1. Between the range 448-484 and the range 354-371, what is the C-alpha centre distance in whole Å?
2. Order 409-418, 369-378 from most to least packed using the mean count of other Cβ atoms within 10 Å.
3. Quick check: convex hull of the Cα atoms in the range 425-530, volume per residue, rounded to a whole Å³?
4. If you count only protein heavy atoms and use a 1.4 Å probe, how large is the accessible surface of Y507, to the nearest 10 Å²?
5. Tell me, what ³J(HN,Hα) does each residue in the range 330-338 have, in order and in whole Hz, if you take phi through Karplus 6.51 cos²θ - 1.76 cosθ + 1.60 with θ = phi - 60° and put x for Gly and Pro?
6. Report the rotationally averaged projected area of the range 216-293 based on its alpha-carbon convex hull, in square nanometres.
7. Per-residue accessible area for S154 at 1.4 Å probe radius, Å² rounded to 10?
8. Using a Cα-Cα cut-off of under 25 Å, which lysines could be cross-linked to K368, ignoring same-chain neighbours fewer than 8 residues away?
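The values are calculated or read from the model by the stated rules, or taken from the named source; none is laboratory data. These figures come from a predicted structure and were not determined experimentally. Here the Cβ is made from the backbone with ideal geometry for all residues, glycine too, and neighbour counts use every protein chain on show. To get the accessible areas, we keep the full protein, side chains included, count just its heavy atoms, and leave off ligands, DNA and RNA. Shrake-Rupley method; radii C 1.70, N 1.55, O 1.52, S 1.80 Å.
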Amino acid sequence: MSVLSHKIIAFSLLTFLLYIHRLHAQHFILNFSDEDFHNGFDNNSTEDDSNTDNFGQTESKSDQDLDPGSWRSILELDDLVVNPALTLYYSSLKKMVLAVSKGNISLMEEAVTQLNASASAGDPHAQSVMGFVYGMGMTLETNGDKSFLQHHFSAERGNMQSKMALAFRYIQLDMYDKAVQLYAEVAEAAVSSFLISKDSPMVVPLRIHRGAEEDKDVLRRFRGEDGEDFKMLEYQAQIGHPSAMYRTGLFYYFSLRGLRHDHAKAVYWFSKAAEKGEPRSMEILGEIYARGTGVERNYTKAFECLTLAAEGGLDSAFTGLGYLYVKGYGVDKNYAKARECFEKVSDSVDPSGMYYLGMLYLKGIGVKRDVKKATKYFLVASNAGLPKAMYQIAKMVHAGAELKKNPNMLKLAAAFYKSVAERGPWNSLSRWALEAYMKGDVGKAFILYSRMSELGYEVAQSNAAWILDKYGERSMCMGVSEFCTAKERKERAHALWWRASKQGNDYAALLVGDAYYHGRVSIGLVHKHSMS
């Protein structure tokens, strides 16, 4: 057998399934040679102990640090102390959101004027919102070039939402080399927002409609603290059921079922459940203390909580323990014990053990470095839906694309990165949009879904389009100098449906095709709006 043929068959990754952008599952086969794995994917020294510095994910940061210019302070945390330099930005942004809630054109004009002044003065977050304004055509003429420039300036100064907007625009233009670079940066930031082993139970926006009709069955379950299901759950927690305490804590921590984030309440209920020996609460408390979200970071306490959870029979707690052993947080660094912990989890249904075993082999920590073996572990964890594993696969596919100059692999890498990037803290815009919709504030819901649409979220694109079609004037769609005409709303809706259809939404594709066939909308106008 020739050396060349040996290299070709030396390593061929198994066909694997991954759900990308909520499309149908797709099969991919990646073929790499031994030389690819030896030279292409990761050249970190196997002897360099600093490899543990980026083991699995970078140090966790607050959502505000990860998403500078976040809309959170005006939507949920009204009492949040912000940088005084951003006072005008947040004041203007608040006016913009209030303008669509009240249907006040003059207030919107005032907000845009102030934001434009801040953007001209170099505020990257105001530039990001102005990119959105020009893309939407709110009180200003729709201008794709100006929208692009505003996002470009904003992204260069670190605004993650503008990086998302630009990356999605590059995908629309089939410029995957540029898209993949931006999505890689955003995905890396998103990974920093994850817990050690846990993923948020709600990581994608909720679709508020089923076809042409509102999805009442789904929405019924998202009524926040007023929902009957949550009231019953909270009552069970109050009378002392450990499992209900744990689930109540989850609802508050991850903002589930329409509840607002409340880390203090979450920690309270997790602590109450842990006092009763509930192992899942002990585990997540360990994760919370390791991350320092809602509590002061305390690795010693994190180790204690995770140890109690593991002793209580919860295998998944070994993931957190293994991570602490690798990093030497709250315990002496011990790679052998770390590997033992991860191997215990890998035998269960929890994919996090497989992921961290992959990281050991990728970095050569406590084991002989073996990128092929690491990749196999990442594939298993990816197929089980673990975002951090998808991120590692994205990095490998990205490296392979550059190695082989393969445009199809570059496109695939962008898709993986995008899937991870969409799980970052900016994803919480969907939670506020849903809350607004549930409260009957259709204008606020529409503008928030529209913002997410610009960032590339397919569900937000279809939700915004559906609101335009369903609610008409009540959508508070604003044009250059007044509310959108029926014609303008129809054009915007079709532009949004077009974006969603390009990402695999069958219902959107049906509507767009029907509109083209019957000549109800100009292809040129739809393309103009969709690329804005």
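1. About 46 Å separates the Cα centre of the range 448-484 from the one of the range 354-371.
2. Going from most to least packed, we get 409-418, 369-378.
3. On the way: hull volume 10.1 nm³, N = 106.
Measuring per residue, one finds 96 Å³ for the Cα hull of the range 425-530.
4. My reading of the accessible area for Y507 is about 70 Å².
5. So the J values, rounded to whole Hz, are x, 6, 5, 4, 8, 5, 5, 5, 4.
6. Details: hull surface 19.5 nm².
Averaged projected hull area, Cα only: 4.9 nm².
7. Ignoring ligands and nucleic acids, S154 comes out at about 0 Å².
8. Qualifying lysines at Cα under 25 Å: K7, K327, K333, K337, K344, K376, K388, K395.
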